[in-house]
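The values are calculated or read from the model by the stated rules, or taken from the named source; none is laboratory data. In this text, all values refer to a predicted model and were calculated from it rather than measured experimentally. Note: ideal-geometry Cβ built from the backbone for every residue, glycine included; neighbour counts use all protein chains shown. All accessible areas refer to the heavy atoms of the entire protein, side chains included, with ligands and DNA or RNA removed. Shrake-Rupley method; radii C 1.70, N 1.55, O 1.52, S 1.80 Å.
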Amino acid sequence: MKKAWLTALLTAIMAVTVFGGGRQSGATGVREVENLDRGLAAIKTADGVFVSWRRLGTEPADTSFLLYRDGKEAASGAITNYVDTEGTLNSTYIVVTNKKTMSKPVSVWKDQFLDIVLADAPVLNADPVSDKSGVWLPEYAPGDASIGDLDGDGEYEIIMLWNPGDAKDSATRGFTGKVYIDAYKLDSTFLWRIDLGKNIRAGAHDTQLLVADFNGDGKAELIVRTADGAVSGTGEIIGDPNADWAALDNGKNLKGPLYLTAFEGATGKIIDTVDYDPQTGDANFWGDDYGNRSERYLGTIAWLDGVRPSAILQRGYYPGRSPETPGRTVIAAYSLEKGKLVKKWRFDTTDPGNEIHIGSGNHSMAAGDLDGDGRDDIISGALALGSDGKVLWNTGYGHGDAHHLGEFDPRNPGYEYMKVYEAAKAAPGFLGARDQTFGLTVQDAKTGKILLSRDGTRDTGRGMIGNIGYKDSYYVTWAAAATGYWDSNGEDAGDLALPINGRIYWDGGLSDQLQDHVTLSRWNDAAGKAEVMFTGDGLSINGTKGNVNLQADILGDWREEFVTYAVLSSKEEQVPVTIQNETGPEETTAKKTTSKYALRLYTTVIPTAYNFSTFMHDALYRIGAATYNITYNQPPHISFYLSDTIPGYTTQDTPKVKLVPNNYTEARFTKRSLAASGRK
């Protein structure tokens, strides 16, 4: 790159209009969503049995429900949850809707969680690790997960990654264990396992699970990046099974072909495979010579036409290390039509005029209808693209880590976007980055206009925003790196000492509760502090980020479930190994652990008087639940504002959705059908 060209480009950056207006509105069809069953769940508590079920987004708030226990009416006029004081562990429950249809019967859980017992973990052939605890061999553990109705039976299934103990960040060289993807029904039925092979490395930035009903057949599919040697859930091999591109670049596939594959959700069978866009080419062009910047992958789903979801894939988001290696970002959108992956559009910073957008991405993506036209748009950090792939706005403030998209401030029309920043001051010479000292900003999502900003002192690795019930504030926002706590008027809230890893609806109120590893807490405004309300005994993932494997409205009423993992059993043995030390190879022994795992799904047992339809039929929330697994996990947010402390915000916007027909039809309710479904 010539110096004169760089100067002209930097001049263009300073001249660009940072805050763009919204696009023209246009009519769209009705958004397609999953045809779900009642998600009925019954959990034994000290007060009897807590029973909870789902109201669909297509059903009005005055939908009537009858709850039956053991064939006899237990409650009438109930909303979507009920505490049955006469229920026991031996009870069976059915919910009847409008006296016309009835759910499948369910038994009572003895614990507040459901264990989804996993198939045996893959065997990890990894080098031994030597540390202060001795010599040991890494193993696989359950990793990030996504959710969808894979077989069209009205129930959710889970697709999960197996995380090898030697997984690596893209900034690190070295080989890792292979990446495996499993699918399970909630009753622990194992559906399939995909082996992504030796040419896909394991790490948070590498494999993003995009799960949705992309083709409108009533069943969810998986779209994911693949490479030579990947094996489908039915044994089909992608590309050259003997290719070992990772061996050429110390574990990274920087020279071999990459693909994008759509798999059937029910079987793991390949639907279609196309070339991944873009291929690697010269790794230097991405900003370095060792595949740090080129091996940063992101994804999300978005209803680009307002009707059916598409898969959005991104590669690259950092600026380069020098003007000669400026960096690159490519974002491409795909639909699944008649068994084929169809590219809808692509955005590439190598295209003329797009150079100023280099270095704009975050460690995750967000999608939602930013301009109110019914079609979803994309936010990648400082850069927002419309549903057509054209630039909506770019603040010019460059890369960051955490971000949140939602309706956080009803005073501002539309969504707000909260973002934190990796650098307190952008390094001079980077393309697409203005000098700034921000630790966090809150922006208008339609235009990118900054509504609130606060300085940081260093890499602000994570941040949070939500209505926690703090005084009369619409929201509170806070972040790491001494950024502080700020209310919706931009006033300093002092040190609230809040967890920062996630938010959740759990206790039945309309404020955001907070998630940190497997502990949930809520803000007590009278006491002026956060108080723990629930702690699970499962294990979190992603180290200090304290994520759960999955968060979504999976079962029951509108409150959210979270999924961790648990070790059901473990066997340890000492095995002979060879380690390398300063004097050469040494024969010794290492501890090898073989574990049996379960995904542990937790649900609330707290009654609530609020009657909302499932948040999985809320446009913004469904995207957030689907992309919780993407890179630096971010919690889902709903598309409307709720508050039980600020008057006027206790109702739900009516979802504009239609159900996609599948294999599930709720049974007709008659006394005979009730008896046949398990009356005692």
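Numerical summary
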quantity: Qualifying residue in the range 339-360 (condition: under 21 Å from VAL391 (Cβ atoms), of a type in the set (Phe, Trp, Tyr) and either in a loop (DSSP other than H, G, I, E, B) or within 26 Å of the chain's Cα centre (by Cα) (or both)); calculated: yes
quantity: Complete set of residues in the range 298-318 that are open to solvent by 20 Å² or more (accessible area, probe 1.4 Å) and out of contact with any Lys or Arg (no Cβ under 8 Å at 6 or more places or on another chain); calculated: ARG308
quantity: Flag if LEU520 is surrounded by fewer than 20 Cβ atoms within 10 Å (Cβ to Cβ) and at pLDDT 95 or above; calculated: no
quantity: Out of LYS343, LYS338, sole residue that is over 23 Å from ASP249 (Cβ atoms), touching a Phe, Trp or Tyr at 6+ places or on another chain (Cβ under 6 Å) and open to solvent by 10 Å² or more (accessible area, probe 1.4 Å); calculated: LYS343
quantity: Residues of the range 224-283 satisfying the condition of being assigned to a loop (DSSP other than H, G, I, E, B), crowded, with 20+ Cβ neighbours inside 10 Å and β-branched (Val, Ile, Thr); calculated: ILE238, THR280
quantity: Failed condition for HIS399, given (1) open to solvent by less than 10 Å² (accessible area, probe 1.4 Å); (2) closer than 22 Å to LEU313 by Cβ; (3) at pLDDT below 95; calculated: (1)
quantity: Unique residue being closer than 30 Å to SER570 by Cβ and either of a type outside the set (Gly, Ala, Ser) or open to solvent by 10 Å² or more (accessible area, probe 1.4 Å) (or both) when the list is LEU620, LEU674, LEU659, LEU599; calculated: LEU599
quantity: Hits in the range 511-524 - residues which are assigned to a loop (DSSP other than H, G, I, E, B) and within 15 Å of ASN467 (Cβ to Cβ); calculated: SER511, ASP512
quantity: Residues of the range 168-183 classified as touching a Phe, Trp or Tyr at 6+ places or on another chain (Cβ under 6 Å) and of a type outside the set (Gly, Ala, Ser), total; calculated: 1
quantity: All positions within the range 307-332 that are in a strand (DSSP E or B) and over 27 Å from TYR290 (Cα atoms); calculated: SER310, ALA311
quantity: Count of residues meeting criterion [in contact with a Gly (Cβ under 9 Å, 6 or more places away or on another chain) and buried (at least 24 other Cβ atoms within 10 Å of the Cβ)] in the range 370-391; calculated: 11
quantity: Evaluation of ALA145 against (1) among the aliphatic types (A, V, I, L, M); (2) under 30 Å from GLY291 (Cβ atoms); (3) touching a Gly at 6+ places or on another chain (Cβ under 9 Å) (one fails), failing number; calculated: (3)
quantity: Filter result for the condition that a residue is at pLDDT below 95, farther than 24 Å from ASP618 by Cβ and among the aliphatic types (A, V, I, L, M), over ALA493, ALA479; calculated: ALA479
quantity: Options ASN611, ASN663, ASN633, ASN629; residue that is under 20 Å from ASN467 (Cβ atoms) and not β-branched (Val, Ile, Thr); calculated: ASN611
quantity: One residue from VAL123, VAL129, VAL117, VAL106 being open to solvent by less than 40 Å² (accessible area, probe 1.4 Å) and not small (Gly, Ala, Ser); calculated: VAL106
quantity: Where a residue in the range 307-320 is closer than 26 Å to GLY396 by Cα and its partner, wherever it lies, is aromatic (Phe, Trp, Tyr) and assigned to a loop (DSSP other than H, G, I, E, B), with Cβ under 6 Å and at least six apart; calculated: PRO319/PHE430
quantity: Qualifying residue in the range 500-510 (condition: among the charged types (D, E, K, R), surrounded by 16 or more Cβ atoms within 10 Å (Cβ to Cβ) and part of a loop (DSSP other than H, G, I, E, B)); calculated: yes
quantity: Hits in the range 151-166 - residues which are more than 24 Å from THR594 (Cβ to Cβ) and either open to solvent by 10 Å² or more (accessible area, probe 1.4 Å) or among the charged types (D, E, K, R) (or both); calculated: ASP151, ASP153, GLU155, GLU157
quantity: Some residue of the range 462-480 being open to solvent by 40 Å² or more (accessible area, probe 1.4 Å) and either touching a Leu at 6+ places or on another chain (Cβ under 8 Å) or among the polar types (S, T, N, Q) (or both); calculated: no
quantity: Residue list for the range 187-202, restricted to those being surrounded by 22 or more Cβ atoms within 10 Å (Cβ to Cβ) and in a loop (DSSP other than H, G, I, E, B); calculated: LEU196, GLY197, LYS198, ASN199, ILE200, ARG201, ALA202
quantity: Yes/no for THR544 being over 24 Å from SER639 (Cβ atoms), among the β-branched types (Val, Ile, Thr) and within 22 Å of the chain's Cα centre (by Cα); calculated: yes
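Residue by residue, here is whether (1) crowded, with 18+ Cβ neighbours inside 10 Å; (2) among the hydrophobic types (A, V, I, L, M, F, W, C); (3) at pLDDT 95 or above; (4) in contact with a helix residue (DSSP H, G or I) (Cβ under 7 Å, 6 or more places away or on another chain) holds:
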position: MET102; (1), (2), (3), (4): yes, yes, yes, yes
position: ASP144; (1), (2), (3), (4): yes, no, yes, no
position: ASP149; (1), (2), (3), (4): yes, no, yes, no
position: LYS168; (1), (2), (3), (4): yes, no, yes, no
position: LYS185; (1), (2), (3), (4): no, no, yes, no
